[in-house]
Amino acid sequence: MTLSSPRRTPLADQVIAQLRAQITSGEWPVGSRIPTETALVEQLGVARNTVREAVRALAHNGLLDIRQGSGTYVLATSELAGVMHRRFADAEQQQIAELRSVLEAGAAGLAATRRTDRDLTLLRGALARREEAWFGGDPEVFVQADAAFHQAVVAAAHNDALAELYADLGEVTRAHLRHDIGPVLSPERYVGHDRILTAIAGGDPAAAATESSAVIGACSRVDTGA
C-alpha cells in the first residue's frame with residue numbers, strides 16, 4: 001500500500017500562521033495562557049475544529065502546552081525553542097548550570113569589548129527592572145526579569161548566532177532559574193548582578209565573564225553552603 005502524507009486545509013494553515021505570529025511577536029509571552037478555544041473561534045471567525053487543529057499542531061511543534069482542565073499555555077517562541085525545551089527537560093540541573101555558564105560568561109566577555117552606549121542603557125534598564133521584580137516578591141515575574149537581563153547581555157555581544165541559540169534555550173534557562181530560586185524569593189537568596197554590568201561598562205572581558213559565571217546557581221549554593 002502506498003502511503004500519502006496528510007494535508008492540512010489552507011484555512012487551518014492560515015490559523016496556525018496567525019497563532020504563531022501572536023507567539024513570535026510577544027503578544028502572547030512565554031508562560032502566558034492563550035485565549036480559550038471559544039474565544040479564538042469568535043476572534044478568528046472559523047470553525048471550532050479548525051482552531052483545535054491549529055492549536056494541536058503548534059503543541060506538537062513545541063510552541064504550546066495543552067494542560068487539561070487549566071488551558072493552553074505558550075511554551076516557546078519557535079519550533080527550535082520547543083525542541084530544546086523537550087530535549088533538556090530531564091537534564092541534570094548541574095549540567096544546565098554549566099551550559100549557562102559557558103554561554104553567558106562567553107557572551108559577557110564579548111559584550112565587554114563590543115557594547116555600545118545604547119547597549120549600556122538597555123542593560124541598566126534591564127538591571128533596574130530585575131531589582132524591582134525581586135523586591136516585588138513574585139518569583140515568576142523575577143524569573144522573566146532576570147532572563148531579560150541575561151538576554152540583554154547576550155545581545156550586547158553582537159553575535160547573531162549566539163543570540164539566536166540563547167533565545168532558543170530561553171525556556172531551558174528560565175526553568176533552571178525557577179529551580180535555583182525556589183518557590184519563594186527569600187532575602188538570603190538574593191544575588192546581585194551589578195558587578196556584571198560594571199565589568200561590561202568598564203570594558204573588562206575577564207571580569208565580565210567571571211562575574212557572569214559566578215551568579216549562576218548562586219541561590220542554590222546558599223542552601224548547600226558551597
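Condition check for I200 on (1) over 16 Å from the mean Cα position of the chain (by Cα); (2) under 27 Å from T24 (Cα atoms); (3) buried (at least 17 other Cβ atoms within 10 Å of the Cβ): one failure, at (2). Within the range 156-176, being more than 17 Å from V74 (Cα to Cα) and in contact (Cβ under 8 Å) with a residue 40 or more places away in the chain holds for A156, A157, H158, N159, L162, L165, Y166, H176.
Within the range 182-205, the set of residues being in a helix (DSSP H, G or I) and in contact with a Pro (Cβ under 9 Å, 6 or more places away or on another chain) comprises A199 only. Contact map, the range 54-70: first residue on the phi > 0 side of the Ramachandran plot, second residue crowded, with 18+ Cβ neighbours inside 10 Å, Cβ cut-off under 9 Å, separation 6 or more or different chains; pairs are G62/L75; G62/A76; G62/S78; G62/A81; G62/G82; G62/M84; G62/H85.
Name the residue, out of Q144, Q151, that is out of contact with any Lys or Arg (no Cβ under 8 Å at 6 or more places or on another chain), outside any loop (DSSP other than H, G, I, E, B), under 26 Å from T77 (Cβ atoms) and not charged (D, E, K, R). Break it down into steps so the answer makes sense when it comes.
On the way: Q144 fails: out of contact with any Lys or Arg (no Cβ under 8 Å at 6 or more places or on another chain).
Going through Q144, Q151 in turn, just one is out of contact with any Lys or Arg (no Cβ under 8 Å at 6 or more places or on another chain), outside any loop (DSSP other than H, G, I, E, B), under 26 Å from T77 (Cβ atoms) and not charged (D, E, K, R): Q151.
Restricting attention to the range 107-128, which residues are buried (at least 19 other Cβ atoms within 10 Å of the Cβ) and not hydrophobic (A, V, I, L, M, F, W, C)? Those that are buried (at least 19 other Cβ atoms within 10 Å of the Cβ) and not hydrophobic (A, V, I, L, M, F, W, C): G109, R115, D119. Residues that are farther than 30 Å from S213 by Cα and at pLDDT 90 or above number at least 1 in the following helices (runs of 4 or more DSSP H) confined to the range 1-100: 10-24, 37-44, 48-60.
The values are calculated or read from the model by the stated rules, or taken from the named source; none is laboratory data. What you see is a predicted model, and the numbers here were worked out from it, not measured in a lab. Reconstructed Cβ throughout: ideal geometry from the backbone, glycine too, with neighbour counts over all protein chains shown.
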